[in-house]
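Chemist: Okay, here's the structure, questions in a sec.
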Amino acid sequence: MRFRLVRYFTLASVGMFAAVAIALAYFERQQASFIGDMQRQEIGFVKQVQAAFARQQEEGSLRDLVATHEAGNITLTRVVANMLWDRDFAPFVAKVALLPVDHCRAIADVTAPDGRKTAPPEKKACFAELGAKIQALPEFKALDAKVFDTMKRTTVFKVKAFDVRGITAYSSEHSQIGDDKSSNGGWLGAMKGTVKSDLSRRDKFNAFEGVVENRDLLSSYLPVYAFGTDTVVGVFEVYSDMTPMLAQVKDTSAKIAAAARGNEAKMEQVAAVNLDVVENLSLRAMAIVGALLALLFVALFVIVRRADGIIVQQARQREQDHQQLAQSEKMASLGQMVAGVAHQLNTPLAFSRSNISMVQDALKGYELPLKVAQAFARTAARTEGDTVSVNVAANREKLEQIAEDGIDDVGTLSQMLGDTLQGIDQMHELVENLRDFTRLDRAKTAQFDLNKGLHTVAYIARSAIPNRVKVVEEYGSLPLVECNPSQLNQVFLNLINNAAQAIPGEGTVTVRSAVEGERVRVDVSDTGTGIPTEVQPRIFETYFTTKPAGEGTGLGLPIVKSIVAEHGGDITFTTRQGAGTTFSVFLPVVLPEPAAA
Amino acid sequence: MRVKKGTVLCVDDEPNILRSLHWMLHKDFDVMTAPDGHAGLEMLRKHDFDVIVSDQRMPGMIGSEFLREACKVAPRAMRILLTGYSDMQAILRSINEGEVFRFVNKPWSNEELSSTVAEAAAIARTQPAPAAAPEAGPEIDETLDSILVLDEDPQLAGFVKQSIASQARITHATSMAEAVAVLGSESVAVIVSDTRVGRMDTTPLLKVLKQRHPAIVAVVLTADSDVDAVIKLINQGQVYRFVPKPVKPAFLKIMLASAVHKHRELRSTPGLERRHAVQAMPADTEEKLVRAVQEEAMRLKPQAQAPGNASVLGRIGGGLKKLFGIG
């Protein structure tokens, strides 16, 4: 499975960018809502501040108003005291003080269903009787008229006067005369010399000039001192009308509230605008970040695509280099083999050539004796008797030459030609083996006699490896093996060459074959130095070589391994330092399916 | 029966080859054969041989090793090595340790091989045997020995000077013409040379020199070596030592001492140089060499005309005259 760089990059980065975008959008949203919350809080705070301010303002105004009126009531009381008390009220109150009240006070209070103590009707009737007694006093009418006269057309709506017992001696509202206020806080305070005022709203109120409605009234309990002393001789209660002032205060408060509302509205508006701006900004920020991410993705994509292209190209280049190296490895072992074979050919060639040229020379030497023999034979044939006489006078010189010429006898010549024939046979054998080895003229896959192939390879290898290394062949009987013989030849030649190279001096390379279970096993053993432990795990590694640079390609054993694997086989090795190494190749008798194709 | 011209020992692991050699040589020589180097050495100890013919590639002891031992056991015997595909290392060892007379390529020509054997046998029979090489190198005598270094690179000359210090006159020539001039004016004992100087091939000079003045001992130091060229240098130039560059000063010193010793031996023993007789060269070799040296001399002219160098051209002329007998 190829690693699809571009696809994986695209998936991963798009996913990642999406995640970043979502996270960013989430944070932007959070920020916007935080800002919204903050603005709302701010508005709420401002509201609170404004409300507090308005309340304080209103309360302050009211306080000022009450204080002002209290002061006014005090002044009024002084005036009234000056004007009315000594002359009109003092004698009147003194008379009232004489009227008994203790019998009324003795009537016990009852507890109302809501838990408060109220006066029972007979107690009220008792006090009302007292009131009637007070009104029946002769000075009452004049006093009442005088009070009405004095208070008419003022803001004072009601005036009450209490004696030192707390009994209402006078009230401009006559029905209240005779009421006991001795337990009233205002009266008690006034008796101690303090002024107590109370602001209240009345729906209906009996004022001097009749019944008024919806009025804000300030009631003040005011102590009346005996002239020139600190002794309280009576208490005034004055109700004055505050409605216009209060209306003014309320109006101011309403204005302030309106202004506050305006401010709030404005703030809310500004907040909304701000929020809009923030949301806009965050939208824009997101758009920009999104655009940048997209740009980044495009840039990375281009880079990754380019890198992918380069990687693919490099892989292709590497594959090409590998093939080239494999080719050169093949050429190198071929070259070594050719050199060995050439040397192997050279020996029979040398003596055959020498022998033939000697036979040729000898044949020249035979020319004359042959002629002589022929001439003699002819002469003998013409003669009928048993004796032939030859006149050698004319040819004595030639005969002497024949006698002196030390030409080899025919037996030697025959031996020479015999040797030559042997040499030619050797060359023929070599050529046959070469043909068997290369198998260029055969089918690629065949039912192959592995022992024959091994013998051919051993034969070829002998010519290429140094003479000091012997090659021993020990073959067991094998079934025919379905394989690519040419490739297996390459495998075994490589293993035998390696084995020979592992032997520094004299030694033996043994090639063995045997059947092992369903498979055929071929061992190539050497008596060499063994494979160093640190090298062992790497020997099948591509490009790994212990030879100096330029001598080994580091492809020999990897190619061997891949060929064996293609045949559905295995290759293993055992090695002992200083004792030698055995490579074992296991091959199935029948090719596995994919390799057979 | 004819009179045999000498005794020959043939060594080869291949019996067919031995038989063939036997058949070829037995008419003119007493031929004995050995199947390997050890047997060959055994026979050398028992018998006196004029010529040894050995194959290079043999199991057990290779040819050059065998010849090195043969050199010690039977220094009188001339050594011929049969080579097929040999590695450079073995060839160099056979030169420097085995002092081979000829290399003969396999497959050989019968005529050439038998004439070479005949030549070697004749030399061995008529000329004195070399004394065994002394263990320690002789002292080099300044008055007697002059060493010519022919190399473009001054480093080698420096090396030579360093290794034998003040004991010999050392002349450094950077061109063949210069070398010829030196050879004309001085009596050179040893020439140390690369195979190429500039674009010029120095091997013809070495070959001609050996042919004309066999007493001058040649040592070749080179970085590029080619088996065929080396074989020719031996067969046609009888180079004393052939060493691949770079060379270690200690080794150079021993080698130069040995070369000087060889030169003295050649001088003092008349006829000994016949043992280093060279093969005939192509006819025009000498002519070409003279022309090349003259051309180079012409190129050197502008330098030569400079004051103080006025005599250089004259010296080259003198050198040519001395070397080749021409003006």
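Chemist: Peptide A:416-426: average number of partner chain Cβ atoms within 10 Å per residue?
Modeler: Average neighbour count from other chains, rounded to a whole number: 2.
Chemist: Please report, in debye to the nearest 20, how large the charge dipole of chain B is about its Cα centre when each Lys and Arg carries +1 at its beta carbon and each Asp and Glu carries -1 there.
Modeler: Once rounded to the nearest 20, the dipole reads 660 debye.
Chemist: Taking the simple approach of a point 7 Å from Cα along Cα-to-Cβ for both residue A:199 and residue A:75, what is their distance in nm?
Modeler: Those two pseudo-labels are separated by 1.9 nm.
Chemist: While we're here: Report the FRET efficiency, 1/(1 + (r/R0)^6), for residue A:547 and residue A:390, where r is their Cβ-Cβ distance and R0 is 56 Å, rounded to 0.05.
Modeler: 0.15
Chemist: Kindly rank B:39-45, A:302-308 from highest to lowest mean number of other beta carbons found within 10 Å of each residue.
Modeler: Descending mean neighbour count gives B:39-45, A:302-308.
Chemist: Also, I was wondering about something else. To the nearest 0.05, how large is the calculated FRET efficiency for residue A:188 and residue A:231 if R₀ is 25 Å and r is the Cβ-Cβ distance?
Modeler: Once rounded, the FRET efficiency stands at 0.95.
Chemist: In nm, give the distance between the simple-model label positions of residue A:26 and residue B:201, each being 7 Å from the Cα along the Cα-to-Cβ direction.
Modeler: Here the answer is 8.7 nm between the modelled labels.
Chemist: How shielded is B:10-16 by partner chains, expressed as the average number of their Cβ atoms within 10 Å of its Cβ atoms?
Modeler: Across B:10-16, the average partner-chain Cβ count within 10 Å equals 4.
Chemist: Then there's this: Using DSSP H assignments, which helices in chain B have an axial alpha-carbon span of 20 Å or above and a mean Kyte-Doolittle hydropathy of -0.5 or higher?
Modeler: Those that pass (Cα extent of 20 Å or more, hydropathy at least -0.5) are B:110-126, B:249-268.
Chemist: If I stretch the segment between residue A:417 and residue A:142 completely, what's the gain in nm (0.36 nm per residue apart, minus their alpha carbon distance), one decimal?
Modeler: Residue separation times 0.36 nm, minus the Cα-Cα distance, leaves 79.8 nm.
Chemist: Can you tell me, using C-alpha contacts under 8 Å and at least 6 residues apart, the relative contact order of chain A as a whole percent?
Modeler: Value for chain A: 10 percent.
Chemist: List the pairs from A:330/A:452; A:444/A:470; A:152/A:196; B:72/B:288; A:123/A:146; A:158/A:250 whose alpha-carbon separation is above 28 Å, in the order I gave them.
Modeler: Beyond 28 Å: A:444/A:470; B:72/B:288; A:123/A:146.
Chemist: Output the DSSP H helices from chain A with an along-axis C-alpha extent of no less than 27 Å and a mean Kyte-Doolittle hydropathy no less than -1.0.
Modeler: Correct list, ordered by number: A:5-80, A:243-382, A:410-438.
Chemist: Please average, across the residues of A:433-439, the number of beta carbons from any other chain that are within 10 Å of each residue's own beta carbon, and give a whole number.
Modeler: Mean partner-chain Cβ count within 10 Å for A:433-439: 0.
Chemist: Which distance in Å, rounded to a whole number, links the C-alpha centroids of the range A:415-481 and the range A:376-407?
Modeler: 54 Å
Chemist: May I ask you to list the residues of the range A:1-31 whose amide nitrogen lies under 17 Å from a point 7 Å from Cα along the Cα→beta-carbon direction of residue A:297?
Modeler: Under 17 Å, as judged by backbone N against the label point of residue A:297, lie A:6-26 of the range A:1-31.
Chemist: Hey, another quick one. Would you mind counting up the charge near residue A:21? Only other residues with Cβ under 15 Å from its Cβ, with Lys and Arg at +1 and Asp and Glu at -1.
Modeler: Neighbourhood net charge equals +1.
Chemist: Exactly which GluC sites (Glu not before Pro) in the range A:382-421 are in a DSSP loop and have at most 12 other Cβ atoms within 10 Å?
Modeler: A:384
Chemist: Hey, another quick one. Connecting C-alpha atoms closer than 10 Å in a GNM of chain B, tell me which of B:193, B:163, B:109 has the biggest fluctuation.
Modeler: In the Gaussian network model the winner is B:109.
Chemist: At a 10 Å Cβ-Cβ cut-off, how would you order A:539, B:95, fewest neighbours first?
Modeler: Lowest count first: A:539, B:95.
Chemist: Ranked by Cβ crowding within 10 angstrom, fewest neighbours first, how are A:508, A:456, A:229 ordered?
Modeler: A:229, A:508, A:456
Chemist: Right, something else. Please give the FRET efficiency for residue A:339 paired with residue B:46, using the beta carbon to beta carbon distance and R0 = 41 Å, rounded to the nearest 0.05.
Modeler: Between residue A:339 and residue B:46 the formula returns 0.65.
Chemist: Right, next: Highest mean first, how do A:353-359, A:365-371, A:341-347 rank when packing is the count of other Cβ atoms within 10 Å averaged over residues?
Modeler: The packing order, highest mean first, is A:353-359, A:341-347, A:365-371.
Chemist: Could you list, by residue number, the cysteines of the protein assembly as shown that have no other cysteine's beta carbon within less than 4.7 Å of their beta carbon?
Modeler: A:483, B:10, B:71
Chemist: Local charge sum around residue A:40 (other residues, Cβ-Cβ under 12 Å, Lys/Arg +1, Asp/Glu -1)?
Modeler: Charge balance in the 12 Å sphere: -3.
Where a number appears in this text, it was derived from the coordinates with a stated rule and is not lab data. Small disclaimer: the values here were computed from a predicted structure and weren't measured. Note: ideal-geometry Cβ built from the backbone for every residue, glycine included; neighbour counts use all protein chains shown.
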